[in-house]
Amino acid sequence: MLSDLMDSWIPVALSQDLPAATVMPVLAPAGPLALWRSRSGRATASADRCPHRGMRLSHGFVRGEALSCIYHGWSYSQAGTCLRIPAHPGLAPPETIRVATHPVAEAGGIIWVAVGEPAAEPPRLDGLVPLRSLTAEAELSTIEAAAGATAGPDGLVWQAPNAPAVRLLLVPQRAGETLIHVLVPDGCATSERIAASRAVESLRRTAEERQRKGSRHAA
Amino acid sequence: MPREAMIDEWYPVGLFSQLDQTGRRTALMGEPIDVALGADGKAKVTDGNGRALPVTVRYGHVWSSLGEPGKDLFAIPEADQPGRRLVDVGVVRVRCSPLRAVENFLDIAHFPFVHTDILGAEPHTEVQNYKVEIREDEDEVWATQVQFYQPQAAKSASGGITTEYMYRVPAPTCSILYKTCPPRPGEWDVITLFVQPLAEDLCDVWPWMALYDDETPMTDLIHFQQMIFLQDRSILENQIPALLPLDPGMEIPTRADQTSVAYRRWLKRHNYTYGAQLVAQ
Amino acid sequence: MKLYDYILSPSCYTVRLMAALTGVKLDIRPVDFHPGLEHRGPELMALNPGGSIPILEDGDLILTESSAMLVYLAARAAPEWLGSGAPEQAARLQQWLLFSHRLTANLGGARLHDMLLRPGDIDLLRTQGIAALRELEAGLFEQSQRGMRFLASDRPTVADIACFPYVALAPDGGVSLDPYPAIRLWSRAIRSLDGFIEMPGIHRLHELKPDPQPETGEA
């Protein structure tokens, strides 16, 4: 499974969940990232740690085209260079002060972060639109078992009763936790979208129950 | 062993005013301890095996040690000055290294961002140069001639003022701040942070104050200080790594951070590493 | 109107916030909840034998439930915060107003335990808190599908103000807010309201204030 991650794209968030001038924490194989969108709309994935005193940058704030740390206001460009240190307004910050950034691609309402050097663009998920993201306390394999389906390179196709067929993009997080991006066919009515959301919540309950029972029986 | 060099220090373990004969269970550096009022009205501290530990009562708090303190608890002469209001602020638990808690207390560059419109405000973010030294005789870290513009420096301040500060670290998990006293120019208000290390990444913080302020009700004084500390707490719980790095490389200081640089150097010199990490680890 | 208040109490803050948003001037009477336990002392027990804060006093009227205080403030000063009165909207408002009491118990209880050393079954409180946050996340998602950005309506109501503080302070009790994108956006919308005031633990949104010195070196 890990080898699948080499030189690929990880879907970390939905575009709708990252409006302009906001930042949110996401997890990639490289580690925790601060995913942020500038005032002009450009998405950037920076390492989620300010090199000054180690504060999480995902707690920071976006002004213009820069991300600032909440602790002392140090601000960083989309390239990761430090632009300003408010305690020393006249100082041009040394180039050694920087945060690592990772390539980001945004397509079809999904934000992807590169792992390694992917040869191609992220997968196109034609005919599908994002619905919402949710997190399950269950392993990816447990979710597959609950859904009775296997996840392929374009996600997991699942048909719930009384709901449209959904596509789930499953992204392992920390041990025992999986991020689920839910996609539905383009053109679904509001009632169908809500039904899809509730169906996936049911699936999550089933998967988590399986996970809890499974871990109790584990050697 | 991270605890070794710090085992003989005094640490705060409770508020004297809240002690009763039933007592309370707490901890020091991973060891359970019990703090109670004896039948004689004196504070007593015992470890998990019932062994009596050293006790002293000072600055409103009960202090104890897992080892054998070689000297008395540090002195704060202002605590005995007549006319001072002595304020027990009350304990707050924080999931962070006790050393990170102290270092945050020594920092002023965060005022405009974390204590916005109280201790600092944009665009007044510049930190002017100040003086830092390790005073060899007392073996304490001192920062003096620190200045910062503050919209509401204290409950007793009626508007924005440029506040003068001095910082003092007399023990690895204690810090004392001396700041401009609006009602009595020429005197210093004293605000302290006494930190009880429960584990390397968990501490109980006991703030205490000795102020000149005849106007403000006690509860307001308590609330002001709790407000300031609570604003820092969500920072402290989100710093990575949890343990304070004592070697350069992981974190980059600037001139504004001189006090914290001196503090980290002083900790390393003494091998005060409970709550810290070194490069080799 | 006199509010018996503790600066660190989310329930007290909910009333202070409502007053700020609706332009009501409150006469604040600080209560030494911690470390002094003044809310259990003779003066305050005489006023509220329930032994809790906040307490709101307006002439002969003494209120001891924060939800009731929010409703009272809105009714007096800004009735638009009570919603349109249409049955479905009124029902949603009630639902989430009552839900906020569960947050006080679970997220609030976890916070009191972790921060102020109050007794509690912390694992249970966190488990219940996570369940509540998931309900809130699903509720906000479904509202968004109906074209509404807040719990009962497309504009904020007392229900949002009742729930907001405990949610925003969930991390104080060891419950992370990272996995809830809808809650993040809703929290941000509330913090961006005209007249919004913070409480300790809820930072100012610095991005709302333009940079005192514009960034250079932008991409």
Would you call B:R233 of a type in the set (K, R) and more than 13 Å from every other protein chain (Cβ to nearest Cβ)?
no
Please determine, by comparing only the residues of the stretch B:128-164 that are in contact with a strand residue (DSSP E or B) (Cβ under 7 Å, 6 or more places away or on another chain), in a loop (DSSP other than H, G, I, E, B) and buried (at least 16 other Cβ atoms within 10 Å of the Cβ), which one is farthest from the other protein chains (Cβ to nearest Cβ).
B:A153
Flagged in the stretch B:182-199 as away from chain C (no Cβ under 12 Å), surrounded by fewer than 22 Cβ atoms within 10 Å (Cβ to Cβ) and not small (G, A, S), in numbering order, are B:P182, B:P183, B:R184, B:P185, B:E187, B:W188
In the set C:R76, C:R92, C:R134, C:R111, the lone residue that is in a helix (DSSP H, G or I), assigned by TED's automatic domain parsing to the domain that holds C:M18 and charged (D, E, K, R) is C:R76
Within the stretch C:74-100, how many residues are in contact with a helix residue (DSSP H, G or I) (Cβ under 6 Å, 6 or more places away or on another chain) and either among the aromatic types (F, W, Y) or in contact (Cβ under 8 Å) with a residue 60 or more places away in the chain (or both)?
8
Take B:D213 and tell me if it is touching a Pro at 6+ places or on another chain (Cβ under 8 Å) and either closer than 19 Å to B:A79 by Cα or buried (at least 17 other Cβ atoms within 10 Å of the Cβ) (or both).
yes
Can you name the residue in the stretch B:115-126 that is of a type in the set (V, I, T) and within 7 Å of another protein chain (Cβ to nearest Cβ) and is also surrounded by the most Cβ atoms within 10 Å (Cβ to Cβ) among such residues?
B:T125
Please specify each residue of the stretch C:23-32 satisfying the condition of being of a type outside the set (V, I, T) and closer than 18 Å to C:L63 by Cα.
C:K25, C:L26, C:D27, C:R29, C:P30
Considering only the stretch C:35-62, state which residues are buried (at least 16 other Cβ atoms within 10 Å of the Cβ) and aliphatic (A, V, I, L, M).
C:L44, C:I53, C:I55, C:L56
From B:R233, B:R264, residue being in contact (Cβ under 8 Å) with a residue 60 or more places away in the chain and farther than 21 Å from B:M166 by Cα:
B:R233
Where in the stretch B:3-103 are there strands (runs of 3 or more DSSP E), lying wholly inside it, with at least 1 residues that are more than 28 Å from B:H270 (Cα to Cα) and outside the structural domain of B:M209 (by TED's automatic domain parsing)?
B:11-15, B:24-28, B:31-37, B:43-47
So in the stretch A:89-125, with the set limited to residues that are closer than 30 Å to B:A109 by Cβ and charged (D, E, K, R), which one is surrounded by the fewest Cβ atoms within 10 Å (Cβ to Cβ)?
A:E95
Out of all the residues in the stretch A:158-168, is one or more of a type in the set (A, V, I, L, M, F, W, C), part of a strand (DSSP E or B) and under 18 Å from A:I111 (Cα atoms)?
yes
Counted residues in the stretch A:126-150 being surrounded by 20 or more Cβ atoms within 10 Å (Cβ to Cβ) and part of a loop (DSSP other than H, G, I, E, B) come to 2
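The values are calculated or read from the model by the stated rules, or taken from the named source; none is laboratory data. Remember, predicted model here, so these are calculated numbers, not experimental data. Don't worry about glycine lacking a Cβ; one is built from the backbone with ideal geometry, like all the others, and counts go over all protein chains shown.
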